[in-house]
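For reference, the structure I am asking about is given below.
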Amino acid sequence: MESISFDRAADIYDQTRSHPPGITQSAASVLAGLLPAHANLLEIGIGTGRIALPLHAAGFRLTGLDISRKMMERLRQKQGQQPGPNLIEASALSLPLISGSFDAVVGVHVLHLIPGWRTVLKEVRRVLRPEGSLIIGYDWHPDDCPSSLLRQQWDKLITAYGIQSHPVLSSFEEVLAALRQMGAHDEELIGAEWTKSFTIQDELARLESRTWSATWHVPEAVLANAVLRLKAWSEVTFSTLNAPYVTPRRFIWQRFTWGNNQAAKGTEDGQ
Ligand SMILES: C[S@@+](CC[C@H](N)C(=O)[O-])C[C@H]1O[C@@H](n2cnc3c(N)ncnc32)[C@H](O)[C@@H]1O
C-alpha cells in the first residue's frame with residue numbers, strides 16, 4: 001500500500017477543510033509562541049498551505065514537502081507574487097534534507113495517510129536539531145457528538161463489508177506510543193476552540209461524495225450500500241436529519257521533544 005496523495009482533492013480541499021475565519025491563524029499564533037523567533041520549520045504534507053501560510057506570514061523560515069504536486073500548486077496560486085515557503089515534491093518517508101537542520105517539524109493530518117509512518121518519525125528525528133520539536137496538529141471533536149457517532153457507525157458498516165475503515169493508523173494513541181518509545185516527551189496545547197453547526201444530511205452527503213480520504217479506498221458498490229444503511233440508522237438514531245447540531249471543536253497541538261529543553265524539563269518536573 002502506498003501513501004495517499006491528495007491530488008484528487010486539490011480542487012476541493014480548501015472549501016471542504018477550512019476552519020472558520022481566524023481559527024487557523026489563532027492556532028498558528030499558539031504554535032508560534034512555542035518556537036524561537038525566526039525558527040527554521042519543516043511541514044510534512046504541506047498541502048495547500050492551510051497551516052503553513054499563516055506560519056510563514058508570522059515570520060518563520062518554512063520548507064514544505066508533499067507528494068501531491070497539485071496541492072502545492074494550489075498553495076502557490078494562493079501566495080501569488082508574495083514570497084512563500086520553499087516547496088519540495090517528495091515523500092516524508094525519505095526526506096531529501098540535511099540531518100539536524102530544523103528547529104521544528106510540523107505535521108497536520110498526514111501520518112494516517114502513510115503506511116510507513118514509523119519511518120517518517122525516524123526521518124523527522126533525523127532532520128531535527130537535538131533540541132528541536134515535532135509538532136503534530138489535529139482537529140478534535142467529542143467522541144459522543146452526532147458527527148462522531150455517525151462516523152463510528154460508518155466504521156462498523158464498512159468493517160461488516162470486510163473493508164478496513166482506517167487501514168494505516170487506527171488511532172493517534174499508536175503514534176503517541178511510538179514516539180514515547182523513541183524517548184520523546186510530549187505536551188498538549190489547545191490551538192483554538194470554536195463551535196460548528198452541521199446537519200446529519202450534510203455529513204451523509206460528504207460520505208457519499210467521498211469528501212473524506214477515509215472513503216477513497218471503499219469500492220463503489222460498498223459505498224452506495226453503506227450510505228443507504230447509514231441513512232436508515234440515522235433516521236432511527238437522530239430526531240432529524242436536517243436540523244443543525246452545534247458541537248464544540250478544537251484544534252490541538254501535540255509537541256514532542258527529546259533531551260533537556262524546556263518542554264522536556266516541564267514534563268519531568270511534573271512527574
Ligand atoms: C489531509 S492533507 C493535510 C494538508 C495540510 N497539512 C493541512 O493541514 O491542511 C495531507 C497531505 O499529506 C500529503 N501526503 C500524503 N502522503 C505523503 C507522504 N508520504 N509524504 C508527504 N506528503 C504526503 C497529501 O498529498 C496531502 O497533501
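Just the residues that are more than 17 Å from His109 (Cβ to Cβ) and either among the β-branched types (Val, Ile, Thr) or outside any helix (DSSP H, G or I) (or both), please, taken from segment 195-222.
Correct list: Thr195, Ser197, Phe198, Thr199, Ile200, Ser209, Val218, Pro219, Val222.
If we scan segment 79-95, do we find a residue that is more than 9 Å from the ligand (Cβ to nearest atom), in a helix (DSSP H, G or I) and touching a residue at least 12 places away in the same chain (Cβ under 8 Å)?
Yes, segment 79-95 has at least one match.
Please state which one of Ser68, Ser94, Ser101 is under 16 Å from the mean Cα position of the chain (by Cα) and more than 30 Å from Ala232 (Cα to Cα).
Criteria check complete, one pass: Ser68.
Let me ask something else. Which condition from (1) assigned to a loop (DSSP other than H, G, I, E, B); (2) of a type outside the set (Val, Ile, Thr); (3) near the ligand (Cβ under 10 Å from one of its atoms); (4) within 27 Å of Asp103 (Cβ to Cβ) is the one that Glu2 breaks?
Status for Glu2: all satisfied but (4).
Count, please, the residues in segment 25-49 that happen to be charged (D, E, K, R) and either more than 13 Å from the ligand (Cβ to nearest atom) or surrounded by fewer than 16 Cβ atoms within 10 Å (Cβ to Cβ) (or both).
Going through segment 25-49 one residue at a time, the tally reaches 0.
Of everything in segment 96-114, what is in a loop (DSSP other than H, G, I, E, B) and near the ligand (Cβ under 9 Å from one of its atoms)? Give them in sequence order.
Correct list: His109, Val110, Ile114.
If only one of Leu189, Leu169 is in contact with a His (Cβ under 8 Å, 6 or more places away or on another chain) and surrounded by fewer than 17 Cβ atoms within 10 Å (Cβ to Cβ), which one is it?
Leu169
Can you name every residue in segment 245-256 that is surrounded by 12 or more Cβ atoms within 10 Å (Cβ to Cβ) and over 30 Å from Lys122 (Cβ atoms)? Step through it out loud before you land on a result.
Narrowing segment 245-256 to residues surrounded by 12 or more Cβ atoms within 10 Å (Cβ to Cβ): 245, 247-256.
Within segment 245-256, Tyr245, Thr247, Pro248, Arg249 meet the criteria.
Since every read-out is calculated from the coordinates, none of them should be taken as a lab result. Not measured: the values here are computed from a predicted model. Don't worry about glycine lacking a Cβ; one is built from the backbone with ideal geometry, like all the others, and counts go over all protein chains shown.
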